[in-house]
Amino acid sequence: MKFIKNIKPPSKQNYLNITQITDFKYLQKARAIVDTIRAVRAVKNPAIRLTIIGGRGYFKHFKDKYSSHNILFKGLLSHRATLRNIKSADIIVHSTYLDNAPISLLEAMACGKPIICYDIGGIKELVEDCAIVCSPKDFIKEFRSLSKNNNKQRKLSKKAILRSELFSNKIISKKFESLYNSLIDG
């Protein structure tokens, strides 16, 4: 948490900054980028900018096909640069057809960002009620609603910070210590 707090985001811009972090190595992860792009286009708001972070595998294909003035593919970034992008985001999107419990969502929660994501793997259990968790078929509707509702964004931000505290090093290490002791004691 201390590391995240020390990272300063770039200055606020005059657009709604949507950020997605993914890995283009696996097509099942990468193809959901198209869902996010469709959602951004469906809102028809020229003041929305989608920043996509990640690289490898299919990155060049998606970048060449979908880049535009409001859809930016940044590629692989350092951890610090990725956190700066998370901190400057208004909304974090995690659409994917293949994932379990991504660290980027924990980092987004620690930064107090509203999140919209798919119900894939252990994501719903990770974010619980601090994110909009939906199916791919409901994604555009849910994205549109969240992007237009500042009050909902603020509520999710507050919940995200509280939820992220459950994953602090102190709490996790105490849980592991308790588990370890229970195994030793039988």
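Values quoted throughout were computed directly from the atomic coordinates according to the rules given, and no laboratory measurement underlies them. None of the values given here were measured: they were computed from a predicted structure. Note that each Cβ is placed from the backbone with ideal geometry, even for glycine, and that neighbours are counted across all protein chains shown.
Some values worked out for this structure:
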item: The chain, relative contact order [Cα under 8 Å, separation at least 6], %; result: 22 percent
item: The chain: Cα Rg divided by the 2.2 N^0.38 Å rule of thumb; result: 1.06
item: Rg followed by Dmax, in Å, when region 65-105 is reduced to its Cα trace; result: 11.8, 32
item: Chymotrypsin sites (Phe, Trp or Tyr not before Pro) within region 1-95: DSSP coil, no more than 14 neighbouring Cβ in 10 Å; result: TYR15
item: Unit charges on C-beta of K, R, D, E only; dipole of the chain, Debye; result: 860 debye
item: Region 136-169 versus region 32-92: alpha-carbon centroid distance in Å; result: 18 Å
item: Gyration tensor verdict on region 5-96 (Cα atoms; rounded if a/c is under 1.5, prolate if a/b is larger than b/c, oblate otherwise); result: oblate
item: Bridge type composition, the chain - antiparallel percent by DSSP, nearest 5; result: 5 percent
item: Spin-label model distance (nm) - ASP185 vs LYS12, 7 Å beyond Cα toward Cβ; result: 5.0 nm
